[in-house]
1. Hey, what did the chain get for relative contact order, percent, Cα under 8 Å, at least 6 apart?
2. Multiply the residue separation of Ser186 and Cys204 by 0.36 nm, subtract the distance between their alpha-carbon atoms, and state the gained length in nm to one decimal.
3. Quote the relative contact order of region 7-103 in percent (integer), defining contacts as alpha-carbon pairs under 8 Å separated by 6+ residues.
4. What size of dipole, in debye to the nearest 20, comes out for region 116-203 about its Cα centre when the only charges are +1 on Lys and Arg C-beta atoms and -1 on Asp and Glu C-beta atoms?
5. Would you mind checking region 77-96 for residues with the amide N under 14 Å from a putative spin-label position 7 Å along Cα→C-beta of Arg28?
6. Using the Cα centre of the chain as the reference point, and only Cβ charges (+1 on K/R, -1 on D/E), how large is the resulting charge dipole? Debye, rounded to the nearest 20.
7. Using label points projected 7 Å from each Cα along Cα→Cβ, tell me how many nm separate Arg124 and Ala137, to one decimal.
8. Modelled label-to-label distance, Gln51 and Arg153, 7 Å Cα→beta-carbon offset: nm?
Amino acid sequence: MRGKFITLEGIDGAGKSTHLAWFADLFRQRGIAVHVTREPGGTGLGEKLRQLLLDPENPMHAETEVMLMFAARREHLDQVIEPALAKGEWVVCDRFTDATFAYQGGGRGVDWARLTQLEEWTQRGLQPDLTLLFNLAPEIGRQRARGARSADRFEQEQDDFYRRVREAYLRRAREDPSRIRVIDASQSIAHIQQQLTDIAGALCR
Ligand code: ADP
Ligand code: TYD
């Protein structure tokens, strides 16, 4: 049977990394093989593109950014995600195309319809079975992320940018409410874990 494809989304500092491995383990405990991966990245080429994309020394046009994100994604789908799902493995991915709509669409102002065309071209109809959107005010995300390590090219953006990113994520959630579950990321880690346990249980039923 084909595996399930689950993605985690949210602004920087919303808590994705905190919950990713723990969430994947919920499925492993049920005997499901899980492949954990991330975007941009997840393949040799994709990780090289990630370095270019995140490097503060590497400014680029917003549409260049879009195309590099989708280039990395095409490779990721072809090399990693599709083969794993076909084998029956589940794939848990730290960010996917909702991040392109949020950061490049909302944050940078790239046309939504253009992104939709690239999404269709790259994914040929494939969508995650479930997306967890960690919803958090940018001010809190920034406080949480502060001091973690030196800021990458996106983390150097101001709160205004992140407000637009957050709004674009919520627009995606409104457009596809059956796929995208919005999690209130301002709750305690324990509360969020309880919700994730319930969501995982429902998905395995
Ligand atoms: P992301 O991967 O979304 O950028 P992280 O998981 O790295 O975010 O979390 C950023 C920081 O916030 C970490 O130091 C983490 O321990 C902390 N954190 C994550 N979730 C919560 C939470 N619900 N409450 C308080 N602190 C949190
Ligand atoms: P992220 O995965 O959050 O890594 P870390 O937690 O180590 O900082 O960082 C990736 C950055 O790339 C993040 O700021 C969001 C950005 N991004 C986009 O702008 N568009 C995309 O399509 C994707 C997948 C990520």
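No value in this document is a laboratory result; all are computed from the given coordinates. Nothing here was measured: the structure is a model prediction, and the numbers come from that model. Methodologically, a virtual Cβ is constructed for each residue, glycine included, from the backbone with ideal geometry; neighbour enumeration extends over all protein chains shown.
1. Values: 301 pairs, mean separation 67.7, N = 205.
Relative contact order for the chain comes out at 33 percent.
2. Numbers: separation 18, 0.36 × 18 = 6.48 nm, distance 2.64 nm.
Between Ser186 and Cys204, full extension yields 3.8 nm more.
3. Numbers: 106 pairs, mean separation 43.1, N = 97.
Relative contact order for region 7-103 comes out at 44 percent.
4. 140 debye
5. Label zone hits: 90-92.
6. Values: 29 positive and 30 negative charges, 109 e Å.
Charge dipole, the chain, about its Cα centre: 520 debye, nearest 20.
7. 4.5 nm
8. 1.4 nm
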